[in-house]
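What follows is one structure encoded as structure tokens, with my remarks underneath.
The values are calculated or read from the model by the stated rules, or taken from the named source; none is laboratory data. Nothing here was measured: the structure is a model prediction, and the numbers come from that model. Heads up, the Cβs are rebuilt from the backbone with ideal geometry, glycines too, and the neighbour counts pull from every protein chain shown.
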Amino acid sequence: MRTAAESAETAEPVPWQESLSAWMDGETPGARPEGLSTPAGREAWETYHLIGDVLRNPELARGPSPALRQRLAQAIEAEMTIVAPRRRPLRVGLSGLAVAAAVASVVWMARPYFSAGDGGGEVQVMADAAGADAPALRDYLEAHRQMAGPSAVRQVSFDAGAGR
Amino acid sequence: MARPVAMRWPMVGRAGLAARPGAGMAVLALLAGMAAAPQRAQAAGPQPPDAADDAVVLLARIQQAARKLDYSGVFTYQQGQFIQSSHVVHVIDGTGERERLEVLDGQPREYLRHNDEVQCLIPEKKTVLMEQRRGDRFPGLLLGDPKALSAYYEIRAEDAPHRVAGRECRIVLIEPRDAHRYGYRLCADTETSLLLKAQTLSGAGSVVEQVAFTSLQLGADVQPAQLASGWKTRDWKVQQAEMQPVDLAARGWRVPAPPGFVQVLEVSRTMGGRKPVDQLVLSDGLAAISVFIEPYYDSARSDYQPRGAARRGAINLYGTRIADYWVTVLGEVPGDTLRQLAESTEYVPLAGGR
């Protein structure tokens, strides 16, 4: 029994973008794909090169966040449902990335405060006693006390930052 | 005399309480040998249908007792080397709840509360700070909806009675089902369900902090005259704590709550005379996490602290920079919970933003 992907591959002609990208990758030597000279063809050419540049740039090769990965996976999933010729999985992935990039242009995340070597286990112990806190820290604690209910407020009292 | 007070949090247990007077002992006995199952619908056999709910009912009773009873007494908070006592008077009158909380050690402080309005008296500055109360304090217990509690905590009562502040109480153990939160050991008055003692337990079972009544009067023994403050505040400055609701998600902030935690509050506020700070509060019903977000100025002013993980008593903190913002996460949860939260928080400036 033939799978859906197989039938899709044999039933439909290869789109011209496919042949363009295959030609760029040197997989179809000689045969310059038709449509490259059209405006749409030129745009596709530039887009593919841009994607390639981005992929090859180590500055941009930072590990994506879990949320970005999830969105990317969803985008790839959505892409897969259109056409998924098994011969060219890489190009499908690139389209997915392009879709994800349209969803979220920049994702900012925390920079860890430890070097790769020390495992990040160090915990700074702040003063326990009343007056010894940095004022800024006291404000946070007081604000937390005010909003965060009983568990936070057992120490109600010695966080005296309010009203300064 | 105890008339219903406006409920800030949804109370699941109320209907059950009203329907079954004196159900407390039945609940205690029932829970003693049984772990509250999170998916009781799938439990086979003759297991009572509402074991998990009953655990929640038990906590809701404790919560109700703190709100509806007249009580006065001294409770003591202890954490590490630190110890401090406070005197609390709580009376229900025709207008609702009135409470006076006076700190007995260190700098004098008083909190006068009428329902949800709190006046914080700061004598050395002759200032009254007016705030809105959010959530209950000791001997109150819950923050937010207790419905989901049994999915993240195993709650069971012990049979053997205990004694705190001269009164008999029942121990309730609240054990976390994962490493994202602390556990608690409570002791609730056998007769009234008022919380007499609460301990916060770390994963190793050691006490992180604890608070307990050392003396307590109930009902008719409470003198309403004790509600009056000794300070003459007529010519004191009055300050309003300013707060506006904000929508951080709409501004591009994605703060992934740890399992079981839900957002209970999102405000923009002033803090200690600085620029406005956004505060997001997450809670799993017992523990709370505050996330503070403020602009980061890359100047000589470098009082952004802590940088990375820090601990202050039972409170863990984690501070970090995300884009041009400084983010401080803190709460009475294990440090790793905060680290994960801080490190997976994302800021995605909206394209074509306003």
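Which residue is farthest from the other protein chains (Cβ to nearest Cβ), if the candidates are limited to the range B:321-331 and must be surrounded by fewer than 24 Cβ atoms within 10 Å (Cβ to Cβ) and within 17 Å of B:Ser290 (Cβ to Cβ)? Walk me through it before giving the result.
Of all residues in the range B:321-331, those surrounded by fewer than 24 Cβ atoms within 10 Å (Cβ to Cβ) come to B:321-326.
From what's left, within 17 Å of B:Ser290 (Cβ to Cβ): B:322, B:325-326.
On the way: B:Ile322: 5, B:Tyr325: 8, B:Trp326: 10 Å.
Filtering the range B:321-331 for residues that are surrounded by fewer than 24 Cβ atoms within 10 Å (Cβ to Cβ) and within 17 Å of B:Ser290 (Cβ to Cβ), the one farthest from the other protein chains (Cβ to nearest Cβ) comes out as B:Trp326.
Given the condition surrounded by 16 or more Cβ atoms within 10 Å (Cβ to Cβ), on the phi < 0 side of the Ramachandran plot, at pLDDT below 90 and not charged (D, E, K, R), answer yes or no: does some residue in the range B:244-262 qualify?
No, the range B:244-262 contains no residue that is surrounded by 16 or more Cβ atoms within 10 Å (Cβ to Cβ), on the phi < 0 side of the Ramachandran plot, at pLDDT below 90 and not charged (D, E, K, R).
Keeping to the range B:119-133, report how many residues are closer than 16 Å to B:Arg269 by Cβ, more than 7 Å from chain A (Cβ to nearest Cβ) and assigned to a strand (DSSP E or B). Full working, then the answer.
Restricting attention to the range B:119-133, the residues satisfying the condition of being closer than 16 Å to B:Arg269 by Cβ are B:120, B:129-133.
From what's left, more than 7 Å from chain A (Cβ to nearest Cβ): B:130, B:132-133.
Filter again for assigned to a strand (DSSP E or B), leaving B:130, B:132.
The qualifying residues number 2.
Among the residues of the range B:335-350, is any in contact with a strand residue (DSSP E or B) (Cβ under 7 Å, 6 or more places away or on another chain), at pLDDT below 90, facing chain A (nearest Cβ under 7 Å) and closer than 28 Å to B:Leu201 by Cβ?
no
Testing B:Glu332 on (1) out of contact with any helix residue (DSSP H, G or I) (no Cβ under 6 Å at 6 or more places or on another chain); (2) charged (D, E, K, R); (3) modelled with pLDDT of 85 or more, one condition comes back false. Which one is that?
(1)
Residues of the range B:61-112 being within 14 Å of chain A (Cβ to nearest Cβ), among the aliphatic types (A, V, I, L, M) and under 18 Å from B:Ala212 (Cα atoms), which ones?
B:Ile62, B:Ala65, B:Ala66, B:Val74, B:Ile83, B:Val88, B:Leu101, B:Val103, B:Leu104
How many residues does the range B:288-320 hold that are at pLDDT 90 or above and within 7 Å of chain A (Cβ to nearest Cβ)?
Adding up the residues that qualify gives 3.
Just one of B:Gly96, B:Gly106 is among the small types (Gly, Ala, Ser), at positive phi and touching a residue at least 60 places away in the same chain (Cβ under 8 Å); which is it?
Working: B:Gly106 fails: touching a residue at least 60 places away in the same chain (Cβ under 8 Å).
Going through B:Gly96, B:Gly106 in turn, just one is among the small types (Gly, Ala, Ser), at positive phi and touching a residue at least 60 places away in the same chain (Cβ under 8 Å): B:Gly96.
Scan the range B:109-136 for residues that are surrounded by 17 or more Cβ atoms within 10 Å (Cβ to Cβ) and on the phi > 0 side of the Ramachandran plot and report the count.
Result for the range B:109-136: 1.
Residues being part of a loop (DSSP other than H, G, I, E, B) and more than 21 Å from B:Tyr296 (Cα to Cα): count how many of those fall in the range B:234-278. Lay out the reasoning, then the answer.
Here is the first cut: in the range B:234-278, the residues part of a loop (DSSP other than H, G, I, E, B) are B:234-236, B:241-242, B:246-252, B:255-261, B:270-276.
Checking the rest, the ones that are also more than 21 Å from B:Tyr296 (Cα to Cα) come to B:234-236, B:241-242, B:256-261.
Of the residues in that region, 11 qualify.
If B:Asp116 passes every condition in (1) within 11 Å of chain A (Cβ to nearest Cβ); (2) modelled with pLDDT under 90 but one, which one does it miss?
(1) is the only condition that B:Asp116 fails.
Condition check: without any contact (Cβ under 8 Å) to a residue 12 or more places away in the chain, more than 25 Å from B:Leu341 (Cβ to Cβ), in a strand (DSSP E or B) and not small (Gly, Ala, Ser). Does B:Arg163 satisfy that? Quick ask: steps written out before the conclusion?
Details: without any contact (Cβ under 8 Å) to a residue 12 or more places away in the chain: yes; more than 25 Å from B:Leu341 (Cβ to Cβ): yes; in a strand (DSSP E or B): yes; not small (Gly, Ala, Ser): yes.
It is true that B:Arg163 is without any contact (Cβ under 8 Å) to a residue 12 or more places away in the chain, more than 25 Å from B:Leu341 (Cβ to Cβ), in a strand (DSSP E or B) and not small (Gly, Ala, Ser).
Exactly one of these conditions fails for B:Asp136: (1) more than 7 Å from every other protein chain (Cβ to nearest Cβ); (2) part of a loop (DSSP other than H, G, I, E, B). Give me its number.
(1)
Looking only at the range A:37-63, count how many residues are surrounded by 13 or more Cβ atoms within 10 Å (Cβ to Cβ) and modelled with pLDDT of 70 or more.
Number satisfying all stated conditions: 7.
Quick one: is B:Ser229 buried (at least 17 other Cβ atoms within 10 Å of the Cβ) and part of a loop (DSSP other than H, G, I, E, B)?
Values: buried (at least 17 other Cβ atoms within 10 Å of the Cβ): no; part of a loop (DSSP other than H, G, I, E, B): yes.
When the stated conditions are applied, B:Ser229 does not pass them.
Going by what's in this entry, would B:Gln239 be described as closer than 18 Å to B:Leu338 by Cα and either within 12 Å of chain A (Cβ to nearest Cβ) or free of Cβ contacts under 8 Å to residues at least 60 places away in the same chain (or both)? Please lay out each step first, then the result.
Working: closer than 18 Å to B:Leu338 by Cα: no; either within 12 Å of chain A (Cβ to nearest Cβ) or free of Cβ contacts under 8 Å to residues at least 60 places away in the same chain (or both): yes.
For B:Gln239, the condition - closer than 18 Å to B:Leu338 by Cα and either within 12 Å of chain A (Cβ to nearest Cβ) or free of Cβ contacts under 8 Å to residues at least 60 places away in the same chain (or both) - is not met.
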